[in-house]
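The values are calculated or read from the model by the stated rules, or taken from the named source; none is laboratory data. Computed from a prediction, not measured in an experiment: that's the story for all the values here. Counting neighbours? That spans all protein chains shown, and the Cβs are built from the backbone with ideal geometry, glycine included. Just the protein is used for accessible areas: all its heavy atoms, side chains included, with ligands, DNA and RNA removed. Shrake-Rupley method; radii C 1.70, N 1.55, O 1.52, S 1.80 Å.
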Amino acid sequence: MKKLAAGNWKMNGTTAALEEMRVLLAAHPAPACEMLLCPPATLIAQAAYHTKGKALHIGGQDCHTKASGAHTGDISAAMLKDAGASHVILGHSERRADHGETNALVKAKAEAALAADLIAIVCLGETEAQRDAGETLALCGNQLHGSIPAGATAANVVIAYEPVWAIGTGRTPTLEQIAEVHAFLRAELAKALGEDGHGVRILYGGSVKPSNAAEIFAVQDVDGALVGGASLKAADFGAIVAALSAA
Ligand code: PEP
């Protein structure tokens with residue numbers, strides 16, 4: 001599997017922001033890693049239209065567990081697929097916190113994503129209080145085993161380790177702390193999925209930026225990044241893509 005540089009635009013971006021995708025692709029038309037941007041749902045169809053056949057995948061930031069029905073305001077995995085998405089981020093800590101998403105719900109959403117032929121990016125990670133209490137590995141293990149969908153393979157699931165306290169704060173774990181969690185997740189994936197567990201990409205997320213990307217990508221079992229703030233600007237995300245391509 002190629003490494004993956006994934007960007008999460010969160011609730012940012014109107015049509016003018018599509019220009020960032022054009023600039024990114026102009027600078028990185030054929031990177032050695034995969035590139036993915038997950039804009040708000042309102043931009044997915046336009047983004048997918050403009051990037052069709054190019055080296056930039058487009059993804060969603062959430063999906064419902066059902067394919068259709070009376071769920072006002074929600075979007076199904078099949079709808080994301082139809083709009084041109086190839087991936088969907090699930091269980092981001094902001095969704096777990098803002099919408100009370102549980103591991104069971106994230107797992108059901110991930111299963112809906114696989115049924116719609118989307119690649120599920122399942123997010124997990126500890127709060128600062130959980131890290132301080134020495135609960136990081138236990139928490140990450142619970143989230144991994146509780147959220148991973150039935151039918152997960154190296155091709156259809158990506159894990160994003162995102163310490164909650166590092167998201168949008170400018171703070172990052174030490175490289176040793178990142179290595180410890182990624183090695184743990186790799187071993188747990190192998191237990192859960194056998195041979196496929198060795199191939200599942202494990203992304204690091206939390207204040208990745210051009211200045212720290214290369215050292216993070218040199219850590220064992222870091223197969224890419226999930227990037228928030230630094231994915232909004234083509235120059236910053238492009239620099240992260242270049243660092244991953246060189247890793
Ligand atoms: C994220 O939202 O997944 C994230 C990692 O954000 P940031 O890069 O801004 O910390």
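Given (1) closer than 26 Å to Ser86 by Cα; (2) surrounded by fewer than 21 Cβ atoms within 10 Å (Cβ to Cβ); (3) polar (S, T, N, Q), where does Gln143 come up short, assuming only one miss?
(2)
Quick check, is Val106 open to solvent by less than 10 Å² (accessible area, probe 1.4 Å), at pLDDT 95 or above, in contact with a Leu (Cβ under 7 Å, 6 or more places away or on another chain) and outside any helix (DSSP H, G or I)? Steps first, please.
Numbers: open to solvent by less than 10 Å² (accessible area, probe 1.4 Å): yes; at pLDDT 95 or above: yes; in contact with a Leu (Cβ under 7 Å, 6 or more places away or on another chain): yes; outside any helix (DSSP H, G or I): no.
No.
Just wondering, is there one or more residues in segment 75-94 that are in a helix (DSSP H, G or I) and under 18 Å from Val227 (Cα atoms)? Before you say what the answer is, go through the steps one by one.
Of the residues in segment 75-94, the ones in a helix (DSSP H, G or I) are 77-83, 93-94.
Cutting the leftovers down to under 18 Å from Val227 (Cα atoms) gives us 93-94.
Scanning segment 75-94 turns up at least one residue that is in a helix (DSSP H, G or I) and under 18 Å from Val227 (Cα atoms).
Among the candidates Thr65, Thr72, Thr42, which residue alone is more than 16 Å from the ligand (Cβ to nearest atom), β-branched (Val, Ile, Thr) and touching a helix residue (DSSP H, G or I) at 6+ places or on another chain (Cβ under 7 Å)?
Thr65
Of the residues that make up segment 122-135, is at least one in contact with a strand residue (DSSP E or B) (Cβ under 8 Å, 6 or more places away or on another chain), aliphatic (A, V, I, L, M) and within 16 Å of the ligand (Cβ to nearest atom)?
Kept after step one, since they are in contact with a strand residue (DSSP E or B) (Cβ under 8 Å, 6 or more places away or on another chain), are these residues of segment 122-135: 122-125.
Those left that are additionally aliphatic (A, V, I, L, M): 122, 124.
If we keep only those that are within 16 Å of the ligand (Cβ to nearest atom) as well, we get 122, 124.
Taking every residue of segment 122-135 in turn, at least one turns out to be in contact with a strand residue (DSSP E or B) (Cβ under 8 Å, 6 or more places away or on another chain), aliphatic (A, V, I, L, M) and within 16 Å of the ligand (Cβ to nearest atom).
Yes/no per residue for (1) in contact with an Asp or Glu (Cβ under 9 Å, 6 or more places away or on another chain); (2) within 12 Å of the ligand (Cβ to nearest atom); (3) not in a helix (DSSP H, G or I):
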position	(1), (2), (3)
Ala190	yes, no, no
Leu193	no, no, no
Asp196	no, no, no
Leu203	yes, yes, yes
Ser207	no, yes, yes
Ile216	no, yes, no
Ala225	no, yes, yes
Ala230	yes, yes, no
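Against the definition (part of a helix (DSSP H, G or I), surrounded by fewer than 15 Cβ atoms within 10 Å (Cβ to Cβ) and within 16 Å of the ligand (Cβ to nearest atom)), how does Ala235 come out, yes or no?
Answer is yes for this residue.
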